[in-house]
1. Report yes if some residue within the range 282-298 is open to solvent by 40 Å² or more (accessible area, probe 1.4 Å), touching a Pro at 6+ places or on another chain (Cβ under 9 Å), closer than 22 Å to ALA316 by Cα and assigned to a helix (DSSP H, G or I); otherwise report no.
2. Considering only residues that are assigned to a loop (DSSP other than H, G, I, E, B), touching a strand residue (DSSP E or B) at 6+ places or on another chain (Cβ under 7 Å) and among the β-branched types (Val, Ile, Thr), which ones fall in the range 212-222?
3. Of all residues being hydrophobic (A, V, I, L, M, F, W, C) and more than 19 Å from the chain's Cα centre (by Cα) in the range 376-395, which is least open to solvent (accessible area, probe 1.4 Å)? Just the residue, please.
4. Between ILE71, ILE89, which is among the β-branched types (Val, Ile, Thr), on the phi < 0 side of the Ramachandran plot and in contact with an Asp or Glu (Cβ under 8 Å, 6 or more places away or on another chain)?
5. Test each condition in (1) more than 14 Å from the chain's Cα centre (by Cα); (2) open to solvent by less than 40 Å² (accessible area, probe 1.4 Å) for ILE96 and report the one that comes out false.
6. Just wondering, is there one or more residues in the range 230-239 that are in contact with an Asp or Glu (Cβ under 9 Å, 6 or more places away or on another chain), farther than 30 Å from SER126 by Cα and either among the aliphatic types (A, V, I, L, M) or surrounded by fewer than 16 Cβ atoms within 10 Å (Cβ to Cβ) (or both)?
7. When you go through ALA192, ALA180, ALA209, ALA172 one by one, which is the residue that is touching a strand residue (DSSP E or B) at 6+ places or on another chain (Cβ under 8 Å) and buried (at least 21 other Cβ atoms within 10 Å of the Cβ)?
8. When the residues of the range 306-363 are filtered to those that are over 13 Å from the mean Cα position of the chain (by Cα) and in a strand (DSSP E or B), which remaining residue is farthest from ILE211 (Cα to Cα)?
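The values are calculated or read from the model by the stated rules, or taken from the named source; none is laboratory data. Since this is a predicted model, take the numbers as computed values, not measurements. Heads up, the Cβs are rebuilt from the backbone with ideal geometry, glycines too, and the neighbour counts pull from every protein chain shown. When the accessible area is computed, the model is the full protein with side chains, heavy atoms only, and any ligands, DNA or RNA have been set aside. Shrake-Rupley method; radii C 1.70, N 1.55, O 1.52, S 1.80 Å.
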Amino acid sequence: MTAPLHFRDARIVCPAGGERRGDLYVTDGMIAAAPAEGATVIDCDGLVLAPGIVDLGVAAIDRAAFRAGGITRVGLMPDQSPVLDEPGIVQRSALIGRPDLWIHPIAAATRGLAGTELAEMAICESAGARAVGTGRRWIADSGVMRRVLDYARDLGLALITHAEDAGLTGDAVATSGETATRLGLPSAPAVAEALAIARDLMLAEDADATIHVRQVTTAAGFDLVRAAKRRGVKMTCGITPAHLLLSDIAMSDFRTFALLSPPLRSEEDRRAALAALADGTIDVLCSGHDPRGPEEKRLPYADASPGASGAETLLALALGLARDQGLPLDRLFALLARNPARVLGVEAGVLRPGAPGDVILIDVQAPWLIDSEALAGSAGNTPFDGLPVQGRVRRIFKGGRELG
């Protein structure tokens with residue numbers, strides 16, 4: 001049992017209730033409607049009090065980065081070693097973070113993520129899986145994909161997909177265009193994403209299954225998502241700050257920190273992503289946290305590993321996007337907390353009575369410089385190295401217990 005808490009004079013931001021100035025109470029690890037006797041008073045002095053971030057689709061467990069970034073729950077990608085396709089592996093993954101971090105495993109949809117044979121999703125769900133996924137790969141066989149969707153639907157789980165047609169992407173490390181041509185890099189057309197999304201959404205609609213496209217990054221992809229939502233397809237989509245703030249120009253000096261999966265897109269696609277954020281097409285803002293050490297990044301661009309360390313910078317970059325795009329903070333925390341929790345079927349991401357006492361106290365004006373050498377996580381491979389930002393987590397509470 002945790003001691004009751006009384007957060008006094010906070011700027012409370014709740015995706016389900018808007019924004020207000022006042023007090024918030026936590027009793028027995030849960031948000032409460034009234035203060036408990038003897039509660040510890042925390043004077044917030046007008047700082048923002050928001051739900052702990054639910055980061056959907058992290059590639060690695062990185063406690064220091066999550067804590068620094070205000071992340072209290074993560075959806076763990078199935079691309080682990082070993083792959084999350086067996087109940088014992090899923091169960092261990094779900095338990096290793098507690099009590100400081102809730103890990104919600106995304107079980108592999110196919111054995112070994114090979115895209116050929118269905119994994120034992122039902123057993124993995126009973127072991128703690130909160131969704132199933134294709135990992136960093138796309139299931140090319142439409143028959144297998146349809147059976148995966150049927151299985152996931154019957155279990156009441158969302159299928160989390162990676163949207164790139166591997167037949168087009170091959171060994172590409174960049175999006176086809178002027179920058180890739182000038183640098184002489186192996187590239188693939190941006191339509192590889194739209195083709196994958198179109199196929200997957202058609203199958204999901206036919207199966208009446210729930211699907212989440214982990215990252216949509218192209219104008220054509222967003223058009224497909226909008227059309228599917230209008231038809232009533234049970235789908236959501238996400239994006240990382242990198243694809244909202246950077247275009248393929250960021251890799252012009254062969255900087256491997258800008259090598260991501262999916263790769264950075266054209267400026268036209270980046271602007272389309274900002275429009276999708278503004279009009280509500282995008283449901284989830286995630287870090288895509290994939291820390292890579294120098295042994296994987298200090299290589300020629302085509303030989304380096306894709307991925308970025310994004311957990312610690314997610315909140316600050318998101319706050320900057322909110323300021324620039326005129327997004328209210330309650331909408332921002334729907335993207336960061338409530339909506340990813342819904343994809344995972346988790347009761348979290350809001351600050352209403354009965355919800356978990358996962359809260360973060362944020363100074364949204366605090367300035368700092370993103371320094372890849374000074375990040376708290378296991379690696380600092382961020383494409384935003386050297387960028388000045390605003391917004392720091394001052395205190396973080398998990399189930400009403402403060403994390404040091």
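1. If we filter the range 282-298 for residues that are open to solvent by 40 Å² or more (accessible area, probe 1.4 Å), which is where we start, we get 292, 294-296, 298.
Subset that is touching a Pro at 6+ places or on another chain (Cβ under 9 Å): 292.
Okay, now just the ones that are also closer than 22 Å to ALA316 by Cα, so 292.
Adding the requirement that they be assigned to a helix (DSSP H, G or I) leaves none.
No, the range 282-298 contains no residue that is open to solvent by 40 Å² or more (accessible area, probe 1.4 Å), touching a Pro at 6+ places or on another chain (Cβ under 9 Å), closer than 22 Å to ALA316 by Cα and assigned to a helix (DSSP H, G or I).
2. Matches in the range 212-222: VAL216, THR217.
3. Taking the range 376-395 and keeping what is hydrophobic (A, V, I, L, M, F, W, C), we get 376, 379, 384, 387, 389, 393.
Those still in the list that are more than 19 Å from the chain's Cα centre (by Cα) too: 387, 389.
Working: LEU387: 65, VAL389: 17 Å².
Taking the candidates together, the pick is VAL389.
4. ILE71
5. ILE96 satisfies all of (1) more than 14 Å from the chain's Cα centre (by Cα); (2) open to solvent by less than 40 Å² (accessible area, probe 1.4 Å) except (2).
6. For the range 230-239, residues in contact with an Asp or Glu (Cβ under 9 Å, 6 or more places away or on another chain), farther than 30 Å from SER126 by Cα and either among the aliphatic types (A, V, I, L, M) or surrounded by fewer than 16 Cβ atoms within 10 Å (Cβ to Cβ) (or both): present.
7. Values: ALA192 fails: touching a strand residue (DSSP E or B) at 6+ places or on another chain (Cβ under 8 Å); ALA180 fails: buried (at least 21 other Cβ atoms within 10 Å of the Cβ); ALA172 fails: buried (at least 21 other Cβ atoms within 10 Å of the Cβ).
Going through ALA192, ALA180, ALA209, ALA172 in turn, the sole match is ALA209.
8. Per the stated criteria, the residue is ASP363.
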